[in-house]
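The values are calculated or read from the model by the stated rules, or taken from the named source; none is laboratory data. In this text the structure is predicted, and so the values were computed from the model without any measurement. Every residue, glycine among them, receives a Cβ derived from its backbone with ideal geometry; neighbour counts consider all protein chains shown.
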Amino acid sequence: MFRRAIEVHRRQLEKVFGRRRVARLADLRRALGVRSRTTVFFALKEAGYCTSYSHAGRYYTLRRIPQFDEHGLWFCGEVRFSKHGTLRATVIVLVCESPAGRTHEELEEMVGLRVHDTLRDLVQARLLGREQVQSVYVYVAPDRRRAKLQIEERRRRLPASPAESTPVAAGRLEAPQIIEVLVEVVRAPEADAPAIAARLRAAGRAVSEEDVAAIFAQYALGKKSARSRSRRSRR
């Protein structure tokens, strides 16, 4: 009797997803005419389903529907799915499988979501590594040998002269944004580029660690701060 009911609900799900490609749990409960979440999940499991990594995992689709791209990603409007599952799992795969690692901006462009907190947690948990290459932070595999190869490949892809690459990176910011970064450096002279970027984002400013690092490199802020601290320590 139970199996028969699940089969009926599975067929109803097939009809629902025949009309729409993604749906929320509340939509599925209404379509099946049930109040129980468990009943819906039994039917989803029977049909085979995927959960979105965006919108706090509130959207569902049948496994046969997504047409994943070469990175294992599929977008349905603003709803985003990954064959790897969660955002954390997806970021790990995207970083580890890349020959040259990934930057913060590259990952955000790929997954279509903010990944700053996710990257920070993954680095702290040692599930990813992070290295600075010229003025850009690159996220790499946790395995040292793999990470070394990724950094070497990243360096090969960069312009030969650091002076050529720094203005390009800093050029992503408009003059008012550069001024905001410089003002924040004055307010917190001991802070490094990631800390300055975090302070600005906390204040609602849209700026990445890579952009701040580029400004640090262009204006030699890190070197200046280091010299200043050295002079103070001798007094």
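Here are the numbers:
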{"quantity": "Residue check, S82 under 30 Å from G18 (Cβ atoms), among the polar types (S, T, N, Q) and at pLDDT 95 or above", "calculated": "yes"}
{"quantity": "Candidate set: region 193-232, residues that are of a type in the set (D, E, K, R) and loosely packed, with under 13 Cβ neighbours inside 10 Å; chosen: the one modelled with the highest pLDDT", "calculated": "K223"}
{"quantity": "Subset tally (residues that are more than 19 Å from T118 (Cβ to Cβ) and not in a helix (DSSP H, G or I)) for region 177-217", "calculated": "8"}
{"quantity": "Residue, nearest to T90 (Cα to Cα), within region 109-125, restricted to residues that are within 8 Å of the chain's Cα centre (by Cα) and of a type in the set (V, I, T)", "calculated": "V111"}
{"quantity": "Condition broken by L119, with the remaining ones in (1) in a helix (DSSP H, G or I); (2) at pLDDT below 85; (3) closer than 27 Å to Y53 by Cα satisfied", "calculated": "(2)"}
{"quantity": "Only one of D69, D27 that is outside the structural domain of V136 (by TED's automatic domain parsing), modelled with pLDDT of 95 or more and among the charged types (D, E, K, R)", "calculated": "D69"}
{"quantity": "Any hit, region 77-86, residues being hydrophobic (A, V, I, L, M, F, W, C) and not assigned by TED's automatic domain parsing to the domain that holds L113", "calculated": "yes"}
{"quantity": "First in region 93-104 and in contact (Cβ under 8 Å) with a residue 60 or more places away in the chain, second anywhere and surrounded by fewer than 20 Cβ atoms within 10 Å (Cβ to Cβ) and part of a helix (DSSP H, G or I), Cβ under 8 Å, 6 or more apart", "calculated": "H104/H116"}
{"quantity": "Single match in E152, E174 (criterion: modelled with pLDDT under 85 and either under 24 Å from the mean Cα position of the chain (by Cα) or within 30 Å of P99 (Cα to Cα) (or both))", "calculated": "E174"}
{"quantity": "Any hit, region 42-50, residues being surrounded by 14 or more Cβ atoms within 10 Å (Cβ to Cβ), closer than 25 Å to S98 by Cβ and in contact (Cβ under 8 Å) with a residue 12 or more places away in the chain", "calculated": "yes"}
{"quantity": "Residue within region 76-92 that is more than 25 Å from R154 (Cα to Cα) and either in contact with a His (Cβ under 6 Å, 6 or more places away or on another chain) or of a type in the set (V, I, T) (or both) present", "calculated": "yes"}
{"quantity": "Per-region count, region 122-145, residues assigned to a helix (DSSP H, G or I) and surrounded by fewer than 14 Cβ atoms within 10 Å (Cβ to Cβ)", "calculated": "3"}
{"quantity": "Residue match in region 137-146 (condition: more than 30 Å from R80 (Cβ to Cβ) and either in contact with a Phe, Trp or Tyr (Cβ under 6 Å, 6 or more places away or on another chain) or at pLDDT below 85 (or both))", "calculated": "no"}
{"quantity": "Checking E180 against (1) modelled with pLDDT of 75 or more; (2) of a type outside the set (S, T, N, Q); (3) touching a strand residue (DSSP E or B) at 6+ places or on another chain (Cβ under 7 Å), the condition it does not meet", "calculated": "(3)"}
